[in-house]
Amino acid sequence: MRSLFHRLQPRSGFTLVELLVVIAIIGVLVGLLLPAVQAAREAARRSTCTNNQKQIALALHNHHDSKGSFPRGMEQWMGGSGEITTQSPYTGTKYDKRRWSWFFRVLPYVEQQRLYDQQFDWYYKNATFGDWPSSAAWCSFKNTATPNWVNTIVPSFTCPSDTSYPKTKSANAPGNDQGFHGNHLLIAGNTSFNPTGPWSSTQLNGVAFALSAVKGKDVTDGLSKTMGVAEILVVPDNDTGWAAGDEDMRGRYHNSYEVLSCVSTLYTPNTSVADRVSNCNGTKIARAPCTAVGTTQHISSRSNHVSGVTVSFLDGSSRFVADAVDVTVYNAWGSRNGGEVAAND
């Protein structure tokens with residue numbers, strides 16, 4: 001009788017309403033947790049980005065201690081190509097057009113001596129003074145395949161918050177890949193890269209520009225008041241080949257015949273004003289607009305961080321600069337000798 005009674009007792013459990021309430025509560029908790037997790041991950045990525053950039057800032061000082069100046073932004077005037085020795089209209093000095101950037105010069109100071117040695121062999125031990133492989137109309141050497149080291153990723157020059165990272169391939173001719181593109185660039189100044197024509201790219205007011213050799217004593221505004229490094233977003237190329245709108249040159253460290261591995265502080269971080277370079281995918285990434293043009297070119301600092309970018313000053317310090325930074329202050333940070341009074345707060 002007792003066992004029959006127990007069998008007739010109703011079983012306890014969730015009603016449908018109670019189950020729906022529990023599911024709703026779990027959904028709310030997940031909804032609250034995910035943004036926190038994403039924020040924590042972005043904080044970690046931003047920290048890595050800052051640490052990577054700081055290594056470059058310190059490398060600039062090590063280069064200065066070893067060579068007596070900060071590295072040249074690029075080893076030829078803007079837009080130069082070929083191997084002809086040309087005389088500067090400003091100094092009378094003759095320069096060979098060599099398509100490499102400051103990236104090559106700082107490699108030994110970010111524990112990349114082997115990669116530096118490979119590039120040294122390429123740039124200094126061939127008949128074309130390190131020009132890039134291209135059409136047979138220039139010289140037969142350029143028909144050789146692009147060297148293997150061109151696609152080597154150096155983590156110090158990247159930012160994990162960039163969804164296009166790492167970029168090593170470009171939509172160029174077969175065997176003529178442009179290689180590793182990075183997120184961290186040096187500061188050319190607070191103007192366009194070629195304000196009055198190609199040779200004016202050698203007369204800018206930042207720390208690294210075409211044929212620059214800036215010394216610490218030249219930074220009269222003070223090392224703690226002058227930016228040395230800033231970040232950008234790299235943009236993938238289309239697959240249709242080399243042409244305006246198919247190949248995005250921003251952040252290119254190799255084959256730098258334009259100031260593509262440098263930044264201007266002409267506009268504030270993540271500005272809506274489009275960058276101006278010869279070739280770019282101006283609509284591929286909304287935060288990195290660009291106009292393909294050859295005059296008054298410039299690249300602004302950009303990132304996927306929330307409301308700002310990471311920058312480093314010439315004293316080796318790094319900080320996060322908000323998009324809403326005062327434009328006058330930001331302009332002043334890009335100049336090494338403007339005599340401006342600009343706080344770092």
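Since every read-out is calculated from the coordinates, none of them should be taken as a lab result. Nothing here was measured: the structure is a model prediction, and the numbers come from that model. Heads up, the Cβs are rebuilt from the backbone with ideal geometry, glycines too, and the neighbour counts pull from every protein chain shown.
Details
- Spacing of the two label points (7 Å from each Cα toward its C-beta) at Ala24 and Thr271, in nm: 5.1 nm
- Cα convex hull of the range 16-333 - mean projected area over all directions, nm²: 19.1 nm²
- Order of Lys67, Lys167, Lys217, Lys54 - criterion: other Cβ atoms within 10 Å of each residue's Cβ, fewest first: Lys217, Lys67, Lys54, Lys167
- Using the Cβ of Ser161 as centre and a radius below 10 Å, the other residues enclosed give a net charge of 0, where K and R count +1 and D and E count -1.
- Antiparallel DSSP beta bridges within the range 16-333, as percent of all bridges there, nearest 5: 70 percent
- For Met227, Met249, order by how many other beta-carbon atoms lie within 10 Å, fewest first: Met249, Met227
- Subset of Lys54/Lys167; Lys217/Lys284; Lys54/Lys215; Lys94/Lys217 violating a 30 Å alpha-carbon distance limit: Lys217/Lys284
- The residues Tyr257, Tyr95, when put in order of fewest to most other Cβ atoms within 10 Å, stand as Tyr95, Tyr257.
- Look at where the Cα atoms of the range 263-311 and of the range 158-232 average out, and the two centres are 12 Å apart.
- The range 16-333 - charge dipole about Cα centre, Lys and Arg +1 at Cβ, Asp and Glu -1, debye rounded to 20: 440 debye
- Rounded to whole Hz, the Karplus (6.51, -1.76, 1.60) HN-Hα couplings of the range 106-114, x for glycine and proline: 9, 3, x, 9, 10, 6, 10, 4, 4
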